[in-house]
Structures are given as structure tokens and as C-alpha cells.
2 protein chains.
Amino acid sequence: MTKEKEYTPDWFEGKLPQGSMRALFKWHDPDAFKHPNKGFYALIRDTFELKDADFKQPDLCLEKAPDNLPVSLDPKHIKKFTHICGQENVMTDAYNRIRTSYGAGMIDALRLREGIIENIIDAVICPQDANQIEQIISYCDQNRIPITVYGGGSTVTRGFEAPLGGICIDMSKHMVQVLDFDEKNQTVTVQPGIYGPALENVLNHAPEHFGAADRYTCGHFPQSFEHSSVGGWVVTRGAGQNSTYYGKIEDLVISQEYVTPIGLFRTQDHPRAATGPDFDQIMIGSEGSFGILTAVTLRVFKHRPQNTKRFSYLFKSWQEAVHAYREIMQGEFGYPSVFRLSDPEETDAAMRIYHIHDTFADTLLRKIGYHPMQRCLLLGTADGDKDFTHLVKKKIHHICRQKNGLPLTAFGVTKRWEHSRFTDAYMREDLNDFGIVIDTLECAVTWEQLHKVHTQMRAFVKQRPKTICMTHISHAYPQGANLYFIFIIRYAGINDYLDLQYGILDAIQTSGAAMSHHHGIGKQTAPWLEGQIGSEWMGLIRILKQHFDPHNIMNPGGTLGLDMDPVQRAKRWGFIRE
Amino acid sequence: MTKEKEYTPDWFEGKLPQGSMRALFKWHDPDAFKHPNKGFYALIRDTFELKDADFKQPDLCLEKAPDNLPVSLDPKHIKKFTHICGQENVMTDAYNRIRTSYGAGMIDALRLREGIIENIIDAVICPQDANQIEQIISYCDQNRIPITVYGGGSTVTRGFEAPLGGICIDMSKHMVQVLDFDEKNQTVTVQPGIYGPALENVLNHAPEHFGAADRYTCGHFPQSFEHSSVGGWVVTRGAGQNSTYYGKIEDLVISQEYVTPIGLFRTQDHPRAATGPDFDQIMIGSEGSFGILTAVTLRVFKHRPQNTKRFSYLFKSWQEAVHAYREIMQGEFGYPSVFRLSDPEETDAAMRIYHIHDTFADTLLRKIGYHPMQRCLLLGTADGDKDFTHLVKKKIHHICRQKNGLPLTAFGVTKRWEHSRFTDAYMREDLNDFGIVIDTLECAVTWEQLHKVHTQMRAFVKQRPKTICMTHISHAYPQGANLYFIFIIRYAGINDYLDLQYGILDAIQTSGAAMSHHHGIGKQTAPWLEGQIGSEWMGLIRILKQHFDPHNIMNPGGTLGLDMDPVQRAKRWGFIRE
């Protein structure tokens, strides 16, 4: 057995053939790789009762993607877009059309692996400014041409899938400028196509770029940080991994500008007002179905990484750990920044992955009451003023110790997590290559709901033999938190995968949670939206849609549950399930 | 001169004749009084170049209010409401109808003093539960009967004035129950008619009421705290004086239930979600024009007054003081709770009122560079965990000292302010009795706008001779704050008063501020709303209105600028200016 463990699969690190299927579903950077370590590999192999021999023939999908997809859009329209944006900013080749119609969800990769090309837009347009976007929308509205918007391509909810075809507005080429930086107001205004690293780079170097007195950060670091756009963060109501301190995107947005089929909408910079409804909070989360975000002003914070304090604790039970976690959020001494609590199954997986499982240290842990499938790992950071982070860490320590939390801070657990915080997703291809599917779903809960949702979700998933189901809480508030589920199954066809996914979404809904905390709804979760928010609010979304987009050209085909037909609804948006 | 200063006007403290005009405009508690002290009296007398002799004949308005106002509502409707709510819960007497149609604004008191009775509802109904409210709304929708809602009557924006008549739903009689208290979620759910003190009393005594482990507070203490309702706080987007720490009402609301003409709308308790637009933020600030709030769940906080820290500083200049104030809000060590900075004119008035002006202490202050009409007073508190409040106070001290802030903490300035935080408005009647008008207007600004708005506002007001104009900042964010103006003039007729008020609103608008930070829009500021938010968003409010209230029965007649006719618009809602 020990010998067998030494085997390492020949994880793919080759050059991606241009225009290949793999190039389409490969996670972000074509030259970046991260492979399962030995602990993770052993966990997978053992869970699914596989042998090393099962990890010898990867399915790499290096074949060419189809390049002969017909364009159903009238050539006169293409000509018009070329006239508006220039020849070099209009693409109709199949590769780019697939690239901007498929997201980063497991379903996207699985479909590409199966050679399923569906719901593709007809042309990709890269406007150079908001004025061109206005012209495009106006023309599309007159000619009833559907429009989707592409930023970083990191949707995991089939956000910009295009079942009705049309055009995709790719913001990532030109709409990436920093429009304004205001140190007195502590705000930055950007075009929405800018990606996380570019934004942070500018803010971190505010003295050099703007003659600012200090360095700044936006504080928004989703797992997709390196290849997601500010616009995507805003229109999906996203959250960064540090949102517990910095706030979710709806807490960071100060003002916005949208181009809609009925005109331009701008909100104002006052941080709070009593002048009727909050328009920002109507547009945030509109997922491209009301209009296109063309500028957004965000809060910024002082960039002082030297002040960051790290901490980690091991708890004896999920109950006790959640209790400590909640007490910290209700302690009124300030919030931590990163703040992640793993449930027993995720904690045990981490123990294996970090080679602690079955070691002398593990024996010791068990002896003092920290048992497998009971113990829970908490890790996090505190950001802000130096004395503040010191206080937050001290207070957290006090509460954790009261709840039998074993301090692991000295072992650098949080640093290790930080090291891989944006890169773990690179391992997905490796697993997929050998028929292992790894996916995530997430939801929002009150404290009262948390245990029920977790229990019901696990009860559903565990009906299925040999399924890994890891859960963590990673975004917290005094009144509740999120629950984030990672499940790993052996691949048995797309319909089998969708059965599980839909079943989990059903379980989440039945248990009373909100269908998403920060991934958004897209076309994937759309059939569950009305069930959660109620038909009265669904009616209001329809009214808003009708107002902003009377001809239903903005991201049509099911976004936010808006134009699903009864068959789609019944199928829970099963494009594939015919 | 010294002798003359000893004169004290014979401020009224008599019993209010039942049904009198004075009973209608008297601030809240009929038996409570607070009179201008000698310093304040001298300030008024000297500013307006009056003599003690001018303060001998008060105009007390003790005469009976009219009791013969015709009810224009068909008796069959009254019968129906009686059938729904019971005889004892339907009132058509003039006094109650005036009481629930006039708010607590200066314009309300002035009109009553002038004997102007206008825009009165026809009947006051006190429903016993949400079900009765549903029946009433449904009936009114069918019969096109306008509905206003009365909570605490503290509107200063003509919020529930009824130019189209109809009925007023008075929530303050029965709709005052605490429906749920959830210590794990740290939330309380109440009916909206409950007043501040009743809510705080229940929360402060949570162990006794609910067997809770701790005592709690809602943290929402508007100046009108003692006679305003939770529902009013919510539908106007109000703020408490401690909002810088606890949050504005839109930060405190977790979920809501509204009865509208098209049905019941409930939101959910998840503190954050990514499931489309935020419906709570559409309904908060709807000012009774979409439907009636029937239940609201609010965040609560641990009630630990023993942890509260107080501080106060005097600065040499407004510029320096605002700079310190902003740095504190951007310091990332936590926010203060009460946080009030007075401009030079307000500071000097405070010096007079607290008898420091022209004393030995004042001479000393001037000697070390704290000069009249330059110096600025900052006062505040820190709330929360004990170590946290200690840290916040320490950090504030550090920043204030850097900006030449002179610590006054030892002199109990904040305690003195706390003592009168809810009662200063009782002085209004005293001043009014002798022809002096005192009123307030407020707005929201970014830091970049603050000085411009303050300067332009003062420039406008100071064109008018002998006008006191005091300004403070009392609600702050990292990206901006509010500006709160108190102006005192000699009464010269309602139109003269309105000229000033409208001029100030114009000046606020021109300078780029938001038309309100926490008073709301009502019918008073309605003509300025579209100018601020823009016609695109005004169009959206109209769409929302049309959706929730297709027959325009909910608080009609100009609320949120919804149904002003062009003449009204041009007059800036001058009911009186014919």
C-alpha cells in the first residue's frame, strides 16, 4: 500500500494546441498548472476505490474545437457593428464565439469535453467606449438582436450563455480603464472590463499613478480574482474572500452607470441618502438583463499588508466551532477579513492533503479529543489599522479558547491557504482528465438555519455512494453567513451530474436558504429563483425587465428566471436533458 | 446690559386646553417643557436686535381648533371601515383628523398658528392587525380612496399630508407588538407602529422578556426617538444619532412585510444574498407610496452602556476639524457611534448657550488660537465591546491631537449633549410664541462636496440679514457624510419662511448634495427629487408606483414627486403660495 501511494499520475502540463477544446475549458492561464498533491490524490483514489492503474490514460481533449459554426446573424448587422467599432473589434470565428459563450462552471467544461457546443452567440464585439456601447444597444434594440456581456468568463451559473444567439459584448479588450481615483473620497472609478489584478496594481501603486499619499486596495478578492472583471463582480452580486471585513460588492459600490435599451442610467456618489429607493441595489445583481454596466465607482481602503494578522484553530466539533464563529461575528469588536470554517469532512480532507492524517501529530490530536469527522478547522486574517488587527486577533483567540479551539496559528495554516487561494481550481482539469468531477454550490443562511441546511444538504448528497461533500463558511455577518459546498463524484455522464446538481439546488431550496450568496443566479439556478423569492418579487423583476429592456434583448433566454418557457422550467433548465 | 440679561421671558408651561391649536402643534409630550436658557435667550435677543420688552406678549394659540370640518367620504365607506376594525377604531372628529394630517415640521406648526387647516384626511382608522390592513387596502383600492399612514407623527417633510383626502391608517394604537425576538440571529421583528422607547425597553430587558442571555439595543436613536415609530424610520430611510456605528435604518433592516394594493410582499432574513436586486432597498424609502409596512425584522446589538466612551475636542478651524473627522472615518480602526462636528457658527452658539462666551475660559481659548467664528466643536461616543471602545477613543484622540484638537473630554461636553439629545425641540414653541422661527434642513455629501455645499448654503442664507445658520455633521462614512443646517429667523409670514426654505433647497441642489440624508422627501422636498436623481430614475419610481399601486391610492398628492401637477411643480409644492 505504501509503495502504491508513491505513484503520481502523469498530470498534463503540455502546450495547449491552438483552437483546441482543452484551450477552451482550461482554467484561465494556459501556461499555469497546479496538480493534486499526493495526499489529495490518495484521497480521491481511495474514496472512489480506484487503482493507480485507473490514472494512466487521461482524456485530454486536445482535438480542435469546431470551426465551422454558421453565423445566423444577417451580414448587414455585422457590417453595422464593424462600422461602429472597427473591423478588428468584431469577430465571428467559432473559437471566439464558443469562448465567450461558455463560462468556468463544471457544466461548461463537461459539455466541451463531451463535444457539446450549444447556445453560442453569433459575433463577438469589443467596443472601445461607452458611446459605442450605446450605439450597439440602440441598434440591437431596433433590430431585436440579443446581447450578452463577457468580462472575465468566470461565471459558474451559465451567466452569459446565449440560447437565443445574438452578439456578445466583450468588455475585456478595451473597457478596462481606470477613469478616476479620488483619495479624499476614497473611491476609484473604473470601466467594468478591468480584471482584479490590474485594479489592485493601480490601487497598490496609487502614489506612483496618482500622486496619492497612500497605497490602496479594493479589498475584493474572489477565488476568480485573477480572471474576473469588476463588472462581473457587480452584476452578479459577488463577494471576495475578504468580504467579512471589506464587504460584499453591494457594500463596495458607491455609484454606477448603465446603458440600457431605454437610455443611460447614472447613480450618485453620496454614500447614503434618504431620497427614495436605492437604485444601486436594483442594478447590482441584474446579471446583464437590464442593461450594460459601463462605469462603476468603488470604495477603496488603505493597503497595509504589514498590518494583516493571521490565525487558525482546530475545534472538537462543528457545533462548537460554529458557535465560536458566530460569537466572533456578534462580538462588536470589529470583523475578521478572511474567515473560513471547514466542516468535519472538509477538515479531514485538508488533513489528508496536508499530510497530517495518520501521522504522529494526528494521533496526538485524537488523544486530546480532536477526532476525525468531528474536528473543524478555522482559519482567517484581520485587516485594517495595526492596533485594530491586533485587537481583533486577540478577541478571536479569547473566544476560540473558550470553545476549546486549539491554536494552530504557529503552524502557518492561513499562510498556506493564502498561497493557493486563487490557484486550486487549476486542479480541476487534472481530476476531470481521469473522470473525476469536482464542483461547488453555495447559499446564504441565517444562524438559525445553518445547521438544518448543512444537515439536509449532506443527507441528500450522501444518499449517493462514494461522494465527497465538503462544506465551509467563508463569508459572515452578525445575522448569518454563507455555506459553500464542494462535491467530488466519479463522472457518469452529464445527466447524472446534473441530477446531483439539481438535487442539491432542491435541497438548498427546501431547507430555506437563499439560492446563492455570491455566485449569482444566471441561467443555471434560474428555475429555483421564484421558489425562493416568491412570485410577488418575481413579478417585480419582470416589471423592471420590461421597463429597462422592453424587447428582451439583454441576456435573454432564462437569466434570473425571466424568460424560461414551461418546459425549461420543468426541466430545471436542462439544456442537455432532452 | 448685565441687568437686562437677567430678564427671563415667561415661557409657557400651562395646561394645554383640550382640542386647542396649541395641543395640535405642541412637541410630543403635553406635559414636557424645555425652555431656552439665558445664554440662548440672549443670543436670540441680540441677533434679532430685540429688547426684553419684545418677549412679554407670547402668541400662545390656546384657542380651540375647528371642530366642524366636513367629511367628504361617503358614509358607506366609513361603515365598511367600522365593520372591519370596530367602532372604537374609526374616528372622524376634526381634532384627530388634523392631528394625523400635520407632522412635526416648522411648516406644520406655522400653519396651525396661522389657523390654516388644509390637506386633511377624512377618517382615522386604527387597524388591529395586518389582516385588517389588507382588507382596508383592498377596499380602498376598489373604491379609489386615498390612504396615508400615521406612526409617530414626526415627519418634517409633510410626509403624510393628505391633499386628496381619504383615510389615515394610524398604526400607533394597535400595531405596536413585538412579534419575534431571535437571540441567535440577533434580530427583533416588530409591528411598525411601535415607538423607540417601547422597542428599546423590550430589547434592554430581553432576559426578562424572552429569557435571553444578554441585554440588547437596536442602536437607532433619531432626535425624534421618543415619539417616532419603527415604521416611520424604515419608510423614510431614517438615521439615528448613533448611525455612524450602528448603521442607518437601511443597514439595520433584515426583512420586511408590506401590504400593497396588489398583494402581500415579504422579504427574507438572509443577511446577504446574490439572487437578483435587493428588494428591501426598493421598499425602504418608499414613504408610504407603494404599500404599508406591516412587519419589519431589525438587527439588534448587545446593550452595554457601561462600555460607552465619550470624547470631545475643540479645533481651530472648520477645515482642520473636517480633515480630522474624515481621517477618523477612514482610519479603519472602527467607527465612533455619536459623532458630531459643529461648524464655527454652531460652535459659537453653543459657547453662548453654555455660558462660556466672554468668560475667562473664552479669553484663554482665544489666546491659544481658538477664535470665535473659527473654532469648531467635535463630540461623540464609542459603542461596542469594551476593548474596542477603548481603542476607538484612543485612535480618535491621536488624530484629533495631530490636527490641533484641544481635548474637552474632561468637561463632560458629550454628557451634556446626551442630556438634551431628544428634548431640544421642546424649545421651538417658546421661540415661536415670540415670533422667532427655528427650522432644520439636511443633506448628504461626499467629502469632495462638503466644503462647497457648506459655503454655498451659508452664502445663500447669509444674504438675508439677521439670520442664524448653524451647521453640523452628525452621520459619517468613509466616503462622505451628512450636513445638517439649523436656521433661526424672525417670523415674517409663511411665504417669507417658505421663500427661505425653498431657497435653501435650491442651494443644496445646485451644490450637488443629495436632497436628504435621513429626513426623507415627503411632499415638501418632492419638487427637488427629480432634479437630483435625474428623470431616468424618476421614471423608474413611477414604474414601481404603477406596479404596486396602480390606482394611486397610497399616500398620493406629491409624495416622492410622483403626482405633482405642473403648477405644483413650478411652485415647489407651495400649498400656501397662491
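Since every read-out is calculated from the coordinates, none of them should be taken as a lab result. Worth saying up front: this structure is predicted, and the values here are computed from it rather than measured. So basically every Cβ, Gly included, is an ideal-geometry build from the backbone, and we count neighbours across all protein chains shown.
A label point on B:D387, set 7 Å along the Cα-to-Cβ line, lies at 1.4 nm from each of its counterparts in the other copies, closest listed first. From the largest down, region B:465-560 spans 48, 40, 20 angstrom on the principal axes of its Cα atoms.
Once divided by 2.2 N^0.38 Å, the Cα radius of gyration of chain A becomes 0.96.
The value obtained for region B:150-283, namely the Cα convex hull volume divided by the number of residues, is 131 Å³ per residue.
Which of the trypsin sites (Lys or Arg not before Pro) found in region B:26-86 are in a DSSP loop and have at most 13 neighbouring Cβ atoms, other than their own, within 10 Å?
Listed in order of number, the matching sites are B:K51, B:K56.
Take the Kirkwood radius over Cα pairs of region A:94-140, plug it into Stokes-Einstein at 4 °C and 1.567 mPa s, and you get 105 µm²/s for translational diffusion. Pairs of Cα atoms in region B:420-517 fall into 5 Å distance bins, from 0 up to the last occupied one, in shares of 3, 12, 23, 23, 17, 14, 6, 2, 0 percent. Loop-located trypsin sites (Lys or Arg not before Pro) across region B:172-264 with a Cβ neighbour count of 12 or fewer within 10 Å are lacking, with loop assigned by DSSP. Charging the Cβ of each Asp and Glu at -1 and of each Lys and Arg at +1, and nothing else, the dipole of the protein assembly as shown about its Cα centre rounds to 2340 debye. Helical content alone sets the calculated 222 nm signal of the protein assembly as shown at -10500 deg cm²/dmol, taking -39,500 (n - 2.57) per DSSP H segment of four or more residues and averaging over every residue. Taking every alpha-carbon pair within region A:26-178, the share separated by more than 22 Å comes to 50 percent. Phi-derived couplings, Karplus 6.51 cos²θ - 1.76 cosθ + 1.60 at θ = phi - 60°, listed residue by residue for region A:329-343: 5, 9, x, 6, 10, x, 9, x, 9, 6, 7, 10, 10, 8, 6 Hz, with x used for Gly and Pro.
This ranking places A:T148, A:T423 by how few other beta-carbon atoms lie within 10 Å of each, fewest first, which gives A:T423, A:T148. Restriction of the GluC sites (Glu not before Pro) in region B:290-398 to DSSP coil positions whose beta-carbon has at most 15 other beta-carbons within 10 angstrom yields no sites.
For region B:216-346, the convex hull spanned by the alpha carbon atoms encloses 160 Å³ per residue. Taking amide H as placed 1.01 Å from N in the peptide plane, the amide H of A:I436 sits under 5 Å from that of A:Y491, each at least 5 places away or on another chain.
Between copies, the label points at A:Q177 (set 7 angstrom from Cα along Cα-to-Cβ) are spaced 6.0 nm, reported in nanometres from shortest to longest. Of B:K26/B:K76; A:K395/B:K184; A:K15/A:K38, which sit over 26 Å apart, Cα to Cα? Over 26 Å apart, Cα to Cα: B:K26/B:K76.
Look at the stretch A:445-452: the mean tally of other chain Cβ atoms within 10 Å of its residues' Cβ atoms is 4. Chain B's nearest residue to the axis relating it to A, judged by Cβ and reported with the distance in whole Å, is B:Q281, 2. Amide H to amide H distances under 5 Å link A:D180 with A:T189, where only residues 5 or more positions off or on other chains count and H is placed in the peptide plane. Here the Karplus curve 6.51 cos²θ - 1.76 cosθ + 1.60, taken at θ = phi - 60°, turns the phi angles of region A:126-134 into couplings of 10, x, 9, 7, 5, 4, 5, 4, 4 Hz, with x standing for Gly and Pro.
Counting only residues at least eight positions apart within a chain, or on another chain, the lysines with an alpha carbon under 25 Å from that of B:K545 are A:K545, B:K248, B:K523, B:K571. Shown in residue order for region A:28-44 are the 3J(HN,Hα) couplings computed by the Karplus curve 6.51 cos²θ - 1.76 cosθ + 1.60 at θ = phi - 60°: 6, 5, x, 9, 9, 9, 9, 10, x, 7, 4, x, 5, 4, 5, 4, 5 Hz (x for Gly and Pro).
Dividing the alpha-carbon radius of gyration of region B:402-445 by 2.2 N^0.38 Å (N being the number of residues), what value is obtained?
Working: Rg = 15.7 Å, N = 44, 2.2 N^0.38 = 9.3 Å.
Cα-based Rg divided by the globular estimate yields 1.69.
Placing dummy labels 7 Å off each Cα toward the beta-carbon, the span from B:H397 to B:Q319 is 2.9 nm. Per the Debye calculation on the protein assembly as shown with a single equal scatterer at every Cα and no solvent contribution, log₁₀ I(q)/I(0) for q = 0.04, 0.06, 0.08 Å⁻¹ amounts to -0.23, -0.51, -0.90. Treating each Cα of region B:1-105 as an identical point scatterer and summing with the Debye formula, the log10 of I(q)/I(0) at q = 0.18, 0.23 Å⁻¹ comes to -0.99, -1.24. Close amide H partners of A:I468, meaning residues 5 or more places away or on another chain with modelled amide H under 5 Å apart, are A:I488. Charged side chains reduced to their Cβ positions (Lys and Arg at +1, Asp and Glu at -1) give chain B a dipole of some 1480 debye around its Cα centre. Position B:D67: other-copy label points at 9.5 nm, ordered by increasing distance, label point 7 Å along Cα→C-beta. For region A:282-373, what log10 I(q)/I(0) values come out of the Debye formula at q = 0.21, 0.22, 0.23 1/Å, with one point per alpha carbon and no solvent? Log-scaled intensity ratios, in q order: -1.07, -1.11, -1.16.
Seen from all directions on average, region A:322-382 presents a Cα convex hull projection of 4.6 nm². Note on A:258-268: average number of Cβ atoms from other chains within 10 Å of each residue's Cβ is 3.
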